[in-house]
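A short write-up of the structure that comes next.
Coordinate-derived values only; no laboratory data. This is a predicted model, so every value here is computed, not measured. Backbone-built Cβ (ideal geometry, glycine too); neighbour counts: all protein chains shown.
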Amino acid sequence: MRLDKYLKVSRLIKRRTVANEACDGGRVFINDKVAKASATVSEGDIIEIRFGNKIVKVEVLTVKETVRKEETKEMFKYI
């Protein structure tokens, strides 16, 4: 799955356009490498997002195309 879509589906970022802008700005990393919005996300990847002074680091547990709001907590875990 594309990185921008995963960020939206998992609700780490609320909108896909915002996820695209974060990727284009170099604020999203997959396994300590700067990632583009089109990068592929797979289970076991470590995603790091920088929101100004705050850094959010998560490990991808599952990758699903569609998820209900209650199931989003099962897609990743905070590190």
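So, Val34, is that one touching a Gly at 6+ places or on another chain (Cβ under 8 Å), at negative phi and not hydroxyl-bearing (Ser, Thr, Tyr) or not?
Working: touching a Gly at 6+ places or on another chain (Cβ under 8 Å): yes; at negative phi: yes; not hydroxyl-bearing (Ser, Thr, Tyr): yes.
Judged against the criteria, Val34 is a match.
Please tell me if Ile30 is in contact with a helix residue (DSSP H, G or I) (Cβ under 8 Å, 6 or more places away or on another chain) and β-branched (Val, Ile, Thr).
Here the answer is yes, as Ile30 does meet what is asked.
Just need a number here: residues in segment 15-32 that are out of contact with any strand residue (DSSP E or B) (no Cβ under 9 Å at 6 or more places or on another chain) and either among the polar types (S, T, N, Q) or within 19 Å of Leu61 (Cα to Cα) (or both).
2
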